[in-house]
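Engineer: One structure coming up, written as structure tokens, with questions to follow.
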Amino acid sequence: MRTVHFDHRNHARDAAFPSPFHSRQAQHNRMKEWSRWSDYLSVPAYWCADMEYFAGRNACGVFDLTPMIKHRVSGPDALPYLNRLVTRDVAKIKPGRVGYSVWCNEQGRVLDDGTIFHFDEGDYRICSQERQIDWFLTSAQGFDVDVREETHDVAGLALQGPTSFAVLNALGLAGVETLTPFGLTTFDFAGASLTVSRTGFTGDLGYELWVDPDHAETLWDRLFEAGELHGIRAMGSQALDLLRIEAGFILAGIDFLPAWEAVRPSHTRSPFELGLGWLVNFDKGLFTGRRALLEEHERGSRYRLVKLDIAGNKPAKDAYVFGGDGKVIGTVTSAMWSPSAKASIALASVETPHGESGEELDVEIYYQRELKWHRVMARARVVDKAFWDPPRRRQTPPAKF
Amino acid sequence: MSTKYNAIVIGAGHNALTSAAFLARAGMKTLVVEKNDYIGGATVSLETYRKDWKYSNCSYVASLLRPEVYRSLKLAKYGLQIVPYGGGATFSQNGDYIGRYVDPDISRREVARHSQRDAHATERFDRDVMRQARFIRQFLLRTPPDPTSFRPRDLLELLYTARAALDLGEDLIYDTMRFYTMSIADFLDEYFEHPLIKASHAGSGIIGSAMGVMSPGTAYVLLHHAMGDVDGSMGAWGFARGGMGAVAQAMHDCFIDLGGRVQIGQGVSRIIVKRGRAVGVALENGDEHYADVIVSGLTLPHTFLECMEASDLDAGFLDRVRHFKIRGSSGKLNIALDGPPRFTALPEGSELARGDLHFVDTMERLERAYDDWKAGTWSKDPYIDLLIPTMTDPSMAPPGKHFMSVFVQYVPPKVDGKDWTDAQVAAFGQNVVNRIEEYAPGFKDLILHMEVRTPRELENEIGLTSGNIFHGELTMDQLSFNRPLPGYAQYRGPVKGLYLCGSSTHPGGGVMAAPGANAAREILGDLRRINTVPEGWLDD
Ligand SMILES: Cc1cc2nc3c(=O)[nH]c(=O)nc-3n(C[C@H](O)[C@H](O)[C@H](O)COP(=O)(O)OP(=O)(O)OC[C@H]3O[C@@H](n4cnc5c(N)ncnc54)[C@H](O)[C@@H]3O)c2cc1C
């Protein structure tokens, strides 16, 4: 059942609504702490963020994705519509495939990023962090396409980690082993349709499961049954955040400011400035922001989002980044001690020409020991590769370990 | 009787008191003269009904008050507390409403209840209004440059303005030009589809203005209501605890502590000019006071047309004063209630009852309300900004009883070109009461006392020319270096020794204290005294 209701005047009594998985989350939530994620209650950590993180890297973790904003795009013009909307060539995302993309405003500044699920010819879903409907409908003018938000009509779980395939296998999803990364398929499940995509936000083997809210609890229960011998754990948003930083994935509102919200337009970023130039296709024809991006492509960008491998063992949260001459050239946007890479890692936005792969920079780290604050300058090297990118992530059929 | 001061400030409005306090702090022997038996002007709380009942007789909510002045004059120490109220509702004729909640997620869902698209568009709307607010805020505590002068300070100030504009980025410069000239109706059309949602935003575009929602220039008026903040929460409004008079009272007490003197109950009948220099004031009772500088906190026309001899002023200047756009368009009801009214559309116990309430659901109705004003009568279906401060503030009425403040737009300065009669004032008040009763049946029976104010009362009591609440219309031709008149935006009058510090000057009306502070800075500069006026805080 849809759990978010605001079509009546009394909705204001609830600052957030339970997710369709709420009853099950509550059973696992030993910490009894809830946070708000857009319209929903979400769990920051069920029992220990670090342990949940390790479940995600060592066995598998289950994360409630329902609050992600979902839009359905369908109709004869769905493909041309999407191709005008986003920067990449959507024609390359075939039915049964998922593609990551960004979309921009006229100035080529990123509004948001998200995944495009191609179900059938002319039928797509876009999953994103932020709400989009005003812009998506504005962009729909002149296209024979139906665009609507379906956030509350779809419940979603991320199942991430090396044993995730084994769990789905135990769940009896025949043929799931053939799913390649970014593949998408549906199964009959307890009388409903279960959509499974080999996608995720952790940079590891993992899947995302989508079902109508009526079957959410059943899905959770069956998943945990199937996963019992495979180390399955409920995972909160804190653990997920650690996993995604290691994978080098950016987050709207953290690593970049969606242009929707930018009171200061100079604080926005282009796809190039987020290291997402590979998503910009100038050959596919016109898309919103193309002219500005072409200009930027020729003239050069002002910023670069980089991955930093930082010397020492202190996480560089919110740190300033210094160039060789001691000038501030940027700031860290996300940082952590990576238990899997055994390194202090960070994502940072720096001014060009800084940020070339291999460049040595410095970061200023503040840290506290028993209420006493210390400051260190640490060497930081710009690296290309994600901090965590195991081969099992791509292996098909996946291993069962 | 005659005494010599360093400065005489005319009128004890909040701007005059602000000016006076900064002058006194610089060591100037300063006198404030006020015609009424009470201070505050349009920032006043009187015990109009009973001793244990305070009204905010004119202004009723605070947001624009410059925090720099608040802090510098230690208004907190002098008892001022501003408490945010948050939220509000706009009621529609079909028995529904759109609420604005303190919580942004709840607010968003409330908009989505009417239009999912508008809920998302609200982000863009808020962002764009915030962009404009951020731009304009940096000029509030600065004297506008004279764009025709080549004095270094004007050139520097022009440069500052240009730099701030360039900082906006190219697209924002276009947006800004459009924003300052658009109607609020056109502006809202660029964001929203739902009539009720548009109507709920439109009110701030017309409050205090003799323009309709479809008149060019009203988008700026919205900004004038959105550029303030309560403790950094931009666009938020709050109550001065104990009524708006608490603002003026705190300024007054600060001024007195600094050695200032306030004389109430005697208005200035004439500003005395000798050999081309303002040297003193003559009061209604014949007393004369002399000072090095004379500072007027009255409206522009009031200062020059009523308190000065034509022979002391240039004819061309006076002519421009006569054409200053200052048209009354607002009225107010102050009501003592036996208990809280019950708005049928609101769920029991809704927090929205503590916010600002409005009763309009289309732009067309708002424009019709303006049509009545143009036709020389009060709006039959007016725009109403209704608040019950006592839902938040326990200090204004006995427990369980309430003070209701009802601001009404539009109310003409004259009815059919003739002065208001008492019967008309009563009929105007009754019409508003009837309107509210439609949304809160039983409300009428709760009324213990009611004060009705039209532009006539506002002009007679406070000296607001034509009853205009902002001391002059807030349109591009009368803003920044054109306020109040081109060439006179730097707080100096046309006569040496004469200054203006009221809301007719930049940055205009509202309980803001910026005109008063800016004027004091100019005066202290001219007198080569130490500057006691704080600089504006920047947001970045
Ligand atoms: C009904 C109403 C509601 C309002 N609501 C709000 C609101 O909610 N929030 C907000 O921010 N703003 C509001 N405003 C606007 C705001 O109150 C005014 O713009 C502001 O208070 C003006 O302050 P001032 O010091 O410039 O002048 P005023 O307050 O007008 O002060 C002028 C003073 O001069 C005195 N005076 C007049 N003639 C003479 C004379 N000859 N000699 C000596 N003294 C004289 C007057 O009595 C008065 O005290 C409202 C205004 C009105 C009228």
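Engineer: When region A:73-93 is examined, which residues are found to be touching a strand residue (DSSP E or B) at 6+ places or on another chain (Cβ under 9 Å), over 19 Å from A:Gly277 (Cβ atoms) and not hydroxyl-bearing (Ser, Thr, Tyr)?
Structural biologist: A:Val73, A:Gly75, A:Ala78, A:Leu79, A:Leu82
Engineer: For B:Phe91, only one of the following conditions fails: (1) touching a helix residue (DSSP H, G or I) at 6+ places or on another chain (Cβ under 9 Å); (2) within 9 Å of chain A (Cβ to nearest Cβ). What is its number?
Structural biologist: Failed condition: (2).
Engineer: Next up: Tell me which of these A:Phe143 doesn't satisfy, since it passes every other one: (1) within 14 Å of chain B (Cβ to nearest Cβ); (2) under 14 Å from A:Phe287 (Cα atoms); (3) assigned to a loop (DSSP other than H, G, I, E, B).
Structural biologist: A:Phe143 satisfies every listed condition except (1).
Engineer: Pick from region A:198-254 the residues that are touching a helix residue (DSSP H, G or I) at 6+ places or on another chain (Cβ under 7 Å) and polar (S, T, N, Q): which of them is farthest from A:Asp384 (Cα to Cα)?
Structural biologist: A:Gln238
Engineer: Let me ask another. Might you let me know whether region B:465-488 holds any residue that is buried (at least 16 other Cβ atoms within 10 Å of the Cβ) and of a type in the set (Asp, Glu)?
Structural biologist: Looking for residues that are buried (at least 16 other Cβ atoms within 10 Å of the Cβ) and of a type in the set (Asp, Glu), one finds at least one in region B:465-488, hence yes.
Engineer: Moving on to the next point. Of the conditions (1) within 14 Å of another protein chain (Cβ to nearest Cβ); (2) at pLDDT 95 or above, B:Val102 clears all except one; give me its number.
Structural biologist: (2)
Engineer: I need the strands (runs of 3 or more DSSP E) fully contained in region A:5-112, keeping only those with at least 3 residues that are touching a Cys at 6+ places or on another chain (Cβ under 9 Å) and either within 14 Å of chain B (Cβ to nearest Cβ) or surrounded by 24 or more Cβ atoms within 10 Å (Cβ to Cβ) (or both).
Structural biologist: Hits in region A:5-112: A:69-74.
Engineer: Inspect region B:300-312 for any residue being more than 14 Å from chain A (Cβ to nearest Cβ), out of contact with any His (no Cβ under 9 Å at 6 or more places or on another chain), surrounded by fewer than 24 Cβ atoms within 10 Å (Cβ to Cβ) and among the polar types (S, T, N, Q) and give the result as yes or no.
Structural biologist: Yes: region B:300-312 contains one or more residues that are more than 14 Å from chain A (Cβ to nearest Cβ), out of contact with any His (no Cβ under 9 Å at 6 or more places or on another chain), surrounded by fewer than 24 Cβ atoms within 10 Å (Cβ to Cβ) and among the polar types (S, T, N, Q).
Engineer: Please state which one of B:Leu17, B:Leu65, B:Leu31 is away from chain A (no Cβ under 14 Å), more than 9 Å from the ligand (Cβ to nearest atom) and either in contact with a strand residue (DSSP E or B) (Cβ under 8 Å, 6 or more places away or on another chain) or touching a residue at least 60 places away in the same chain (Cβ under 8 Å) (or both).
Structural biologist: Only one candidate qualifies: B:Leu31.
Engineer: Now, a different point. Tally up the residues in region B:265-307 that are more than 14 Å from the ligand (Cβ to nearest atom) and closer than 13 Å to B:Val33 by Cα, please.
Structural biologist: 2
This table checks each residue for (1) facing chain A (nearest Cβ under 10 Å); (2) of a type in the set (D, E, K, R); (3) surrounded by 21 or more Cβ atoms within 10 Å (Cβ to Cβ).
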{"residue": "B:Arg108", "(1), (2), (3)": "yes, yes, yes"}
{"residue": "B:Ala121", "(1), (2), (3)": "yes, no, yes"}
{"residue": "B:Asp128", "(1), (2), (3)": "yes, yes, no"}
{"residue": "B:Arg153", "(1), (2), (3)": "no, yes, no"}
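Engineer: Which of the residues belonging to region B:34-51 are within 12 Å of the ligand (Cβ to nearest atom) and touching a strand residue (DSSP E or B) at 6+ places or on another chain (Cβ under 6 Å)?
Structural biologist: Matches in region B:34-51: B:Gly41 only.
Engineer: Could you check how many residues of region B:376-386 are part of a loop (DSSP other than H, G, I, E, B) and crowded, with 21+ Cβ neighbours inside 10 Å?
Structural biologist: Pass one, region B:376-386, residues part of a loop (DSSP other than H, G, I, E, B): B:376-382.
Keeping just the survivors that are crowded, with 21+ Cβ neighbours inside 10 Å gives B:378-379, B:382.
Matching residues across region B:376-386 total 3.
Residue by residue, here is whether (1) under 30 Å from A:Ala140 (Cβ atoms); (2) modelled with pLDDT of 95 or more; (3) in contact with an Asp or Glu (Cβ under 8 Å, 6 or more places away or on another chain) holds:
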| position | (1), (2), (3) |
| --- | --- |
| A:Thr288 | yes, yes, yes |
| A:Ala292 | yes, yes, yes |
| A:Glu295 | yes, yes, no |
| A:Arg302 | no, yes, yes |
| A:Tyr320 | no, yes, yes |
| A:Gly324 | no, no, yes |
| A:Ile329 | no, yes, yes |
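Engineer: Those residues that are in contact with a helix residue (DSSP H, G or I) (Cβ under 8 Å, 6 or more places away or on another chain) and assigned to a loop (DSSP other than H, G, I, E, B), I need them from region A:285-305; list them, please.
Structural biologist: Answer for region A:285-305, where residues must be in contact with a helix residue (DSSP H, G or I) (Cβ under 8 Å, 6 or more places away or on another chain) and assigned to a loop (DSSP other than H, G, I, E, B): A:Gly285, A:Leu286, A:Phe287, A:Thr288, A:Ser301, A:Arg302.
Engineer: Got a number for residues in region B:43-87 being closer than 27 Å to B:Phe139 by Cβ and of a type in the set (D, E, K, R)?
Structural biologist: Number of matching residues: 4.
Engineer: For region B:459-468, which residues satisfy the criterion of being within 6 Å of the ligand (Cβ to nearest atom) and either in contact with a Leu (Cβ under 7 Å, 6 or more places away or on another chain) or charged (D, E, K, R) (or both)?
Structural biologist: Scanning region B:459-468 gives B:Gly463, B:Leu464.
Engineer: Continuing with the same structure: Look through A:Glu208, A:Glu217 and report the one residue that is among the charged types (D, E, K, R), part of a helix (DSSP H, G or I) and in the same structural domain as A:Thr151 (by TED's automatic domain parsing).
Structural biologist: A:Glu217
Engineer: Still on this structure: With respect to the numbered conditions (1) within 14 Å of chain B (Cβ to nearest Cβ); (2) assigned to a strand (DSSP E or B); (3) of a type in the set (A, V, I, L, M), which one is the sole condition not fulfilled by A:Leu137?
Structural biologist: Going through the list (1) within 14 Å of chain B (Cβ to nearest Cβ); (2) assigned to a strand (DSSP E or B); (3) of a type in the set (A, V, I, L, M), A:Leu137 breaks only (2).
Engineer: With the condition kept exactly as written, say whether any residue in region B:514-533 is within 12 Å of the ligand (Cβ to nearest atom), part of a loop (DSSP other than H, G, I, E, B) and buried (at least 22 other Cβ atoms within 10 Å of the Cβ).
Structural biologist: no
Engineer: Can you confirm whether A:Phe322 is surrounded by 17 or more Cβ atoms within 10 Å (Cβ to Cβ), under 30 Å from B:Ala121 (Cα atoms) and of a type in the set (Phe, Trp, Tyr)?
Structural biologist: The answer is no for A:Phe322.
Engineer: Any chance region B:483-491 includes a residue that's closer than 22 Å to B:Tyr220 by Cβ and among the hydrophobic types (A, V, I, L, M, F, W, C)?
Structural biologist: yes
Quick grid of which residues meet (1) surrounded by fewer than 17 Cβ atoms within 10 Å (Cβ to Cβ); (2) modelled with pLDDT of 95 or more; (3) in contact with a Pro (Cβ under 8 Å, 6 or more places away or on another chain):
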| position | (1), (2), (3) |
| --- | --- |
| B:Thr362 | yes, yes, yes |
| B:Lys374 | yes, yes, no |
| B:Ile388 | no, yes, yes |
| B:Asp393 | no, yes, no |
| B:Gly429 | no, yes, no |
| B:Ala440 | no, yes, yes |
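Engineer: Does B:Phe192 satisfy the criteria of being in contact with a His (Cβ under 8 Å, 6 or more places away or on another chain), within 12 Å of chain A (Cβ to nearest Cβ) and in a loop (DSSP other than H, G, I, E, B)?
Structural biologist: Against the criterion (in contact with a His (Cβ under 8 Å, 6 or more places away or on another chain), within 12 Å of chain A (Cβ to nearest Cβ) and in a loop (DSSP other than H, G, I, E, B)), B:Phe192 qualifies.
Quick grid of which residues meet (1) away from chain B (no Cβ under 14 Å); (2) under 22 Å from A:Phe136 (Cα atoms); (3) modelled with pLDDT under 95; (4) assigned to a helix (DSSP H, G or I):
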site	(1), (2), (3), (4)
A:Phe249	yes, no, no, no
A:Ile254	yes, no, no, no
A:Trp260	no, yes, yes, yes
A:Ser266	no, no, yes, yes
A:Glu273	yes, no, no, yes
A:Trp278	yes, no, no, yes
A:Asp283	yes, no, no, no
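Engineer: Could you tell me which numbered condition B:Arg342 fails, if it satisfies all but one of (1) of a type in the set (D, E, K, R); (2) assigned to a helix (DSSP H, G or I); (3) within 30 Å of B:Lys51 (Cβ to Cβ)?
Structural biologist: Every condition holds for B:Arg342 apart from (2).
The values are calculated or read from the model by the stated rules, or taken from the named source; none is laboratory data. The shown structure was predicted, so the numbers you read here are calculated from the model rather than taken from an experiment. Using ideal geometry, Cβ is built from the backbone for each residue, glycine included, and neighbour counts are taken over all protein chains shown.
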